[in-house]
1. Out of [x] 64, 59, 41; [y] 77, 57, 44; [z] 67, 55, 43, which label holds the value of Cα extents along the principal axes in Å that was computed here?
2. For segment 230-379, what size does the Cα cloud have along each of its three principal axes, sorted from largest down, in whole Å?
3. For A125 and R262, compute 0.36 nm times the residue count separating them, minus their Cα-Cα distance, and round to one decimal in nm.
4. Count the net charge of all other residues whose Cβ sits under 13 Å from the Cβ of L400, scoring Lys and Arg as +1 and Asp and Glu as -1.
5. Quick one: length gained pulling R362 to V272 fully straight, 0.36 nm per residue minus the C-alpha distance?
6. Would you grab the residues whose amide H sits under 5 Å from the one on V78? Only those 5+ places off in sequence or on another chain, please, with H modelled 1.01 Å from N.
7. Expressed as a rounded percentage, what relative contact order does the chain have, with Cα pairs under 8 Å and six or more residues apart?
8. Once the Cα gyration tensor of segment 164-320 is found, what semi-axes does its equivalent ellipsoid get, as square roots of 5 times the eigenvalues, in whole Å, sorted largest first?
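Laboratory data are not the source of any read-out in this text; all were calculated from the coordinates shown. Keep in mind the model is a prediction, meaning the values are calculated, not measured. Please note: Cβ atoms are built from the backbone with ideal geometry, for glycine as well, and neighbour counts cover all protein chains shown.
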Amino acid sequence: MQVPAETARRFLVQRQLLAPARALEGGPGAVLEVFRRLGSIQFDPLAIAGRSHDLVLHARVAGYDPAWCDLLYERREVFEAYNKGLSLVPAEDFPWFRVMASPSSARVLAENREVAERVLERIRAEGPLSALDFERQSGPTVDWFGAPTNVVRAVLEAYAATGVLGLARRDGNRRYYDLLERLLPREVLERDVPLQDKLRHKLRSRFRAHGLLGIGGGGDIFNGLGPAKPRPDWPGHPGRTALREELVAEGELVPVEVEGVRGKRFVLRDEVELLAAPPEPPPSVAFLPPFDPLIWDRGLLASLFEFDYTWELFFPEAKRRFGWYVLPILFRDRFVGRIEPRIDRDRRIVQILGLWWEDAFRPQQEGFVDAMRAALRAYLDFAGATRIEWPPHLGKEKRLFGARP
């Protein structure tokens with residue numbers, strides 16, 4: 001397929017459930033629909049402007065409340081797995097994301113056998129526990145810097161990596177572990193999926209989450225899926241290239257060429273019809289986090305959307321062009337600017353630290369002001385805040401958009 005750039009943009013925002021933003025209704029059920037549509041949502045505990053997975057869901061689900069995703073987690077309808085990074089994945093996909101044997105985790109358990117046995121006994125008897133529920137222990141296990149690590153924490157993580165324990169819940173950054181058999185249904189745990197099928201499913205999940213990825217994708221898009229070609233240190237792995245070629249040969253992935261975009265792209269077979277004739281997106285605004293799947297491919301953002309985005313979290317302040325935790329602003333099918341909000345939960349306010357527009361964009365254009373106001377109102381509700389606090393240098397934007405017009 002050969003696809004015009006405008007068609008590709010319309011396709012992506014439509015299949016990403018962003019045309020319009022916040023259109024799905026139905027509480028936790030709508031949240032689960034997003035998980036099933038995208039396959040997984042990347043997790044990040046930073047809550048400066050809202051946790052990353054909450055911001056992904058807020059952009060797509062009307063009236064989104066973070067408690068809805070927490071409820072699905074508590075019900076074991078979603079679970080944590082590594083897919084590009086730490087992610088939340090529908091529980092029915094557990095057999096494909098079941099961890100594979102980890103030599104390093106097995107070594108941690110062998111080096112600290114007595115501690116490991118005591119930890120497992122207590123969890124079996126008492127239920128979910130965190131590392132802070134145990135007295136700190138030292139042993140032969142060291143951290144990345146060669147310093148002695150808390151053996152209890154290392155043992156808990158190793159048990160999780162070998163499929164003995166799973167995460168029962170989080171309290172902030174504190175993780176509570178329980179026996180995996182108490183967290184997921186037996187029929188899910190007992191399903192054994194061959195390695196080749198796991199790898200194919202995980203590779204397909206990346207294309208499914210984004211919608212129009214290429215071969216390399218740039219950055220860490222295919223992180224954790226093994227090498228492109230077979231290697232001795234990945235026994236039994238055919239390589240991503242062979243896996244992708246299998247999916248193409250079977251028609252699961254369809255190669256496309258996009259106007260102005262270098263290299264071949266791939267679309268899921270079920271979405272070819274939508275790619276051929278995506279609808280024109282209505283005027284709506286979404287604020288997207290750095291780990292949103294639409295933001296994954298920075299090269300595609302630059303070539304298809306003409307939007308240069310770098311997450312400046314780890315940059316020294318003097319080298320930042322924009323801000324620390326900045327969210328791209330999507331309007332219709334274009335990225336028109338970026339916003340840096342902060343949630344002050346004690347004062348119940350949202351502070352707008354910065355707002356930057358793309359050079360060719362004028363906020364007064366038809367449909368944008370109302371769409372931006374609606375997005376700000378929705379964000380206030382999401383944050384549990386009652387008003388927006390604008391800095392003096394954004395007086396024009398304050399007059400234009402207001403807090404609750």
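1. Correct label is [z].
2. 55, 41, 29
3. Extending this stretch completely gives an extra 43.6 nm.
4. +3
5. Additional length available on full extension: 29.0 nm.
6. Y73, A91
7. Numbers: 680 pairs, mean separation 72.3, N = 405.
With pairs under 8 Å counted, the relative contact order is 18 percent.
8. 30, 25, 18
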